[in-house]
1. Counting Lys +1, Arg +1, Asp -1, Glu -1, what net charge surrounds K51 among other residues with beta carbon under 11 Å of its beta carbon?
2. What accessible area per residue comes out for the chain, rounded to a whole number of Å², with a 1.4 Å probe?
3. What does the charge add up to near G142, with Lys and Arg as +1, Asp and Glu as -1, over the other residues with Cβ less than 15 Å from its Cβ?
4. Please sort 64-75, 80-91 by packing, taking for each peptide the average over its residues of neighbouring beta carbons within 10 angstrom, highest first.
5. Would you kindly calculate the mean projected area, averaged across all directions, of the convex hull enclosing the Cα atoms of segment 97-152, in square nanometres?
6. For A352 paired with R120, estimate the spin-label separation in nm (one decimal), with each label point 7 Å from Cα along the Cα-to-Cβ line.
7. Do you know the relative contact order of the chain, to the nearest whole percent, from alpha carbon pairs under 8 angstrom that are 6+ apart?
8. What is the ratio of the Cα radius of gyration of segment 317-429 to 2.2 N^0.38 Å, where N is its residue count, to two decimals?
Amino acid sequence: MANVTVIGGQWGDEGKGKVIDWLANRADVVVRFQGGNNAGHTIVVGDTTYKLSLLPSGVIQGKLSFIGNGVVVDPWSLLDEIERGRGQGLALTPDVLVLAENATLVLPLHRDLDAAREARAGANKIGTTGRGIGPAYEDKVGRRAIRFADLTDREALEGKIERLLAHHDALRLGLGLPQVQPHELLALLLDLAPKITPYVKPAWKVLGDAVKDGKRVLFEGAQATLLDVDHGTYPYVTSSNTVAGQVAAGSGVGPKVGGYVLGIVKAYTTRVGEGPFPTELSDEIGRRLGEKGHEFGTVTGRPRRCGWFDAALVRQSIAVGGVEGVVLTKLDILDGFTTLKVCTGYTLRGVAIDHLPAGLRDQAALEPVYEELEGWSGSTQGARSWKDLPANAVKYVRRIEELIGAPVVLLSTSPQRDDIIMMRDPFQG
């Protein structure tokens, strides 16, 4: 049996949470390998809705779950999430949840900096969630971050706070923010330590032992390929690498351990925040997609921008993400549309182009080239077999496969966990 890596193939919010929860039933271990609490997964199980930001989706089924070193972790947010999960009946103990000792903390000063920068940027803002994720990653690569292992060594922690504030004091002064008092930050972290350190372990070793024992591992990505700091619509991206290649670095395993790579894409396209969106619809069709699909961000509650499926973008995501098979979600939202459109490529200032260029102005200038497909009047909601789908829905899926150059191996037809049509079990490799 193969391990499986799940990544988003658009701008996030593709329904990864439900798919990962469904796949977790076939896995022994679930690992989150990048991002922070700027990501959100909504999972519906019967009458219960779980909203996860930092917790790996495997916790819902009681699977051994890891928050890897590639994640930047707001510990107070994590503790709140653990308490909410326990309130919904989840068994969230250190036996189930492992937090990498070399993961970076997101601190209140990171949130302050995030918000102040966005406010100062005005019309040029990126549209961050304001959770401090970017500034935390900056401190990580700047080698001044506080990591969870530091919480048990007061002397080392004092020195690290001094180094951290030497950088942040100047930034805060320039942005009109009050200075952080070292003793106050130290007290805050010392108070935190006994609450969070029971979960802190050498995650790379515990995970490595599980791999050696033949456990099936599901690697859970956050955000999506088009938000990757290198491969996305820069600078309107997140601050981490979201592609499957990040699995090894973000969880402490070798590059071969990630296994079969699944890319999750919606049957249409959405995006939260600022940045280019070639197929965006600002008309009644766009509003209809948003209303039918309940398109609001899990973390922020912001309405998502909606548009037609962009095969050119997904082709690119498949290439840079190493995607071998696709999960197509929210097909049921397209029920009742007389005509559907799929973007097959673009024109850029009158010249045909088949990919997303790296330049910001070029991205903004793209004009989509559409292919029209006939819609369907029947319902796909809750379908669990191909024979339950209207003929034109099947044609739509098959045409998407042709255009993106990858097979649809799973098809999701509602938010409910078991409303999935499986053509191939990813764990079979």
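1. Values: positive: R84; negative: E81.
Net charge around K51: 0.
2. Ligands and nucleic acids excluded, the result is 40 Å² per residue.
3. Details: positive: K140, R143, R144, R147, K160, R163; negative: E138, D139, E162, D169.
Charge balance near G142 sits at +2.
4. 64-75, 80-91
5. Details: hull surface 18.5 nm².
Quarter of the Cα hull surface area: 4.6 nm².
6. Going from the A352 label point to the R120 one covers 4.7 nm.
7. On the way: 946 pairs, mean separation 88.8, N = 429.
With pairs under 8 Å counted, the relative contact order is 21 percent.
8. Values: Rg = 16.1 Å, N = 113, 2.2 N^0.38 = 13.3 Å.
Normalised Cα radius of gyration, segment 317-429: 1.22.
The values are calculated or read from the model by the stated rules, or taken from the named source; none is laboratory data. Bear in mind the structure is a predicted one, so any value in this text is a computation, not a measurement. As a convention, Cβ positions derive from the backbone with ideal geometry for all residues, glycine included, and neighbour counts pool all protein chains shown. All accessible areas refer to the heavy atoms of the entire protein, side chains included, with ligands and DNA or RNA removed. Shrake-Rupley method; radii C 1.70, N 1.55, O 1.52, S 1.80 Å.
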